[in-house]
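The values are calculated or read from the model by the stated rules, or taken from the named source; none is laboratory data. For clarity, every value in this text was computed on a predicted model and none was experimentally measured. Every residue, glycine among them, receives a Cβ derived from its backbone with ideal geometry; neighbour counts consider all protein chains shown.
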């Protein structure tokens, strides 16, 4: 098993004829992901490396029965693309596009949630279940099949920690990049709940960063709701308040959202926190070793 | 993007929220002319993107145009919490009978807009929240339903606003503030204080307005309000070159790919006894031009003693970054030692290219930790 994407994933790529969209759709296809369709308005009838392109998501659904959509359309059209996918009955939407207006995401989030749709992102690297499916831009060669779940707000930092885990001989069940924006479709808690329900995932590594209070909420959730152990890493101890550190969501406002506050909250709930990516990977290795010993 | 008080008030006025008439001035002469046009008593207010202006002497009353000119001369050039005053807002003075507080913010935890209203305005709202939480009325708005009139009524009654005439005015302002918040894609619209004059008129005496950078494409008029000269000169240069850069107060210049990895790099530098000079994200690129642009920004900071490249290749290939670094070093003279850590896609090829080219004062490391230790060591060697 794995979470969010696996061998049952049937993917439709929205924005498949764009430069990024076609490149990554093709990469995901070559990895073994079942990419069944693409959508670009007015490009219906074309194909991208054999993937049929449709004008609308409804048409793609009628012809190819996708259950997952990957959004690669430009930021100003991305919210519209998500609404279209949800209307067509898609259960899982993974939005890679960055730069979505925050107010658009407020409306998207509140529309999607009561419909039971899983939305990952925006502004995220996607989801990879090694050996099963890759939906997004995560470089699969860094990761290997295994039983550690990885959830993160950041792309390259996830690769760094995944690489360190792989070097220690620890494979992963699923890697979920939830994105670095102030409002994302799935929070740490949402993804941790999925990992908890996945019998294959024996440990979760959570990679947080400054800004917001989602890591703090995750700390309480881990304590109260999870039997699967969690190891964490938080980036941004040296970040000054009031400065956005690259991600729109990574900003310390007031006294809330500092790396120290997050680390303390996690530790208060019994979660071990690595002070750098190497140490976080080592803590994960120790925990897995202790469980299998 | 944070707006100046007067810019926020301009947007408030467009939404129909009452504000005092005023003029922008960038010199004492302009302040005098503004006071002449406005007539009567005026307030000369420093326009800076930070709080505490009053205590720092950045807000002064003037009875006459001559006085306005003199006060403007005192305020212009003041350093308020690191922000030098270069613009003033001269507005008609208001008599204040009462001071309230009203804001609507983007509550990222609840994923809904949040209104806050209290009749204890004019002070730090965090103080009110701590000392008399019962006086602070807080209410979320359903984004898909939008603001409803009962919400303004609830805020007024809950905060204990009793005067019917004031209630009517505040309720209208609450509705208009929500309009402004949504219409201009704001992350924060704050009025502190919202005043009541002795004549019973309610109006916004100050504004704090934060616009969403991601939505500026919808609001070219708001985008134009950005004061490029207010930023740190290096941050301005970075913006021109499309490099994500934040100036910090240390000696190790840092470049990496991806915001999270760069943040982690800053922390590791700190852990091994160095101080990061900046945050700089190359993003997905690693081509020669991107590297040259970023190096130009980083080396314009005199505090920098040594530079660390921390690259984790994913989509970005390490051999491309290595080529970018070598091309950049061919194009510009860098006097600082450089430590390069390449890992991930094509890392071995990239490292080999750097080792083969062997530029002077360039050190290749394999892990993030060893690279951090090395760059702090070479920086210290330079200082000693």
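Structure notes:
- Apart from one condition, residue B:179 fits all of (1) touching a strand residue (DSSP E or B) at 6+ places or on another chain (Cβ under 7 Å); (2) within 13 Å of chain A (Cβ to nearest Cβ); (3) closer than 29 Å to residue B:90 by Cβ; (4) surrounded by fewer than 23 Cβ atoms within 10 Å (Cβ to Cβ); the exception is (1).
- Scope region A:21-60; condition under 14 Å from residue A:81 (Cβ atoms) and at pLDDT below 95; matching residues: A:21
- Every condition in (1) surrounded by fewer than 22 Cβ atoms within 10 Å (Cβ to Cβ); (2) more than 25 Å from residue B:283 (Cα to Cα) holds for residue A:203 except the one numbered (1).
- Top-ranked residue of region A:250-263 - restricted to ones that are within 8 Å of chain B (Cβ to nearest Cβ) and touching a strand residue (DSSP E or B) at 6+ places or on another chain (Cβ under 8 Å), ranked as modelled with the lowest pLDDT: A:250
- Test for residue B:346: is it surrounded by fewer than 19 Cβ atoms within 10 Å (Cβ to Cβ), over 17 Å from residue B:270 (Cβ atoms) and within 14 Å of chain A (Cβ to nearest Cβ): yes
- Within region A:191-213, the set of residues being within 19 Å of residue A:105 (Cβ to Cβ) and in contact (Cβ under 8 Å) with a residue 60 or more places away in the chain comprises just one member, A:191.
- None of A:237, A:195 is buried (at least 16 other Cβ atoms within 10 Å of the Cβ) and within 12 Å of another protein chain (Cβ to nearest Cβ) except A:237.
- In region B:220-234, the residues that are within 14 Å of chain A (Cβ to nearest Cβ) and buried (at least 18 other Cβ atoms within 10 Å of the Cβ): B:222, B:234
- Search result, residues across region B:253-274 that are outside any helix (DSSP H, G or I), within 11 Å of chain A (Cβ to nearest Cβ) and surrounded by 19 or more Cβ atoms within 10 Å (Cβ to Cβ): B:254, B:256, B:257, B:258, B:274
- Scanning region A:155-189 for residues being in contact (Cβ under 8 Å) with a residue 40 or more places away in the chain and closer than 20 Å to residue A:1 by Cβ gives a total of 11.
One line per residue, one yes/no per condition, for (1) within 29 Å of residue A:241 (Cα to Cα); (2) in contact with a strand residue (DSSP E or B) (Cβ under 6 Å, 6 or more places away or on another chain); (3) crowded, with 23+ Cβ neighbours inside 10 Å; (4) free of Cβ contacts under 8 Å to residues at least 12 places away in the same chain:
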{"site": "B:283", "(1), (2), (3), (4)": "yes, no, no, no"}
{"site": "B:294", "(1), (2), (3), (4)": "yes, yes, yes, no"}
{"site": "B:310", "(1), (2), (3), (4)": "yes, yes, yes, no"}
{"site": "B:322", "(1), (2), (3), (4)": "no, no, yes, no"}
{"site": "B:330", "(1), (2), (3), (4)": "no, no, no, yes"}
{"site": "B:356", "(1), (2), (3), (4)": "no, no, no, yes"}
{"site": "B:366", "(1), (2), (3), (4)": "no, no, no, no"}
{"site": "B:377", "(1), (2), (3), (4)": "yes, no, no, yes"}
{"site": "B:384", "(1), (2), (3), (4)": "no, no, no, yes"}
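- Every listed requirement among (1) farther than 27 Å from residue B:44 by Cα; (2) within 14 Å of chain A (Cβ to nearest Cβ); (3) touching a strand residue (DSSP E or B) at 6+ places or on another chain (Cβ under 7 Å); (4) surrounded by 15 or more Cβ atoms within 10 Å (Cβ to Cβ) is met by residue B:159 save one, (2).
- Residue list for region B:182-197, restricted to those being under 20 Å from residue B:22 (Cα atoms) and surrounded by fewer than 18 Cβ atoms within 10 Å (Cβ to Cβ): B:197
- The residue that is nearest to the other protein chains (Cβ to nearest Cβ), among those in region A:182-191 that are buried (at least 24 other Cβ atoms within 10 Å of the Cβ) and outside any loop (DSSP other than H, G, I, E, B), is A:188.
- Index of the failed condition, residue B:320 passing every other in (1) part of a helix (DSSP H, G or I); (2) within 12 Å of chain A (Cβ to nearest Cβ): (2)
- Residue in region B:70-82 that is crowded, with 17+ Cβ neighbours inside 10 Å, without any contact (Cβ under 8 Å) to a residue 40 or more places away in the chain and under 18 Å from residue B:25 (Cβ atoms) present: yes
- Conditions (1) surrounded by fewer than 17 Cβ atoms within 10 Å (Cβ to Cβ); (2) at pLDDT 95 or above; (3) under 27 Å from the mean Cα position of the chain (by Cα); (4) over 21 Å from residue B:225 (Cβ atoms); number of the one not met by residue B:61: (3)
- Annotation note: of A:131, A:136, A:116, the sole residue that is on the phi > 0 side of the Ramachandran plot, surrounded by fewer than 23 Cβ atoms within 10 Å (Cβ to Cβ) and either modelled with pLDDT under 95 or not assigned by TED's automatic domain parsing to the domain that holds residue A:68 (or both) is A:131.
- Members of region A:31-46 that are more than 20 Å from the chain's Cα centre (by Cα) and either crowded, with 23+ Cβ neighbours inside 10 Å or closer than 19 Å to residue B:315 by Cα (or both): A:37, A:38, A:39
- Of everything listed in (1) farther than 29 Å from residue B:10 by Cα; (2) at the interface with chain A (Cβ under 10 Å from one of its Cβ atoms); (3) touching a helix residue (DSSP H, G or I) at 6+ places or on another chain (Cβ under 8 Å), the single unmet condition for residue B:249 is (3).
- Positions within region A:139-171 being away from chain B (no Cβ under 13 Å), buried (at least 24 other Cβ atoms within 10 Å of the Cβ) and outside any helix (DSSP H, G or I), in sequence order: A:148, A:149
- Residue, nearest to the other protein chains (Cβ to nearest Cβ), within region B:275-315, restricted to residues that are under 18 Å from residue B:341 (Cβ atoms) and part of a helix (DSSP H, G or I): B:294
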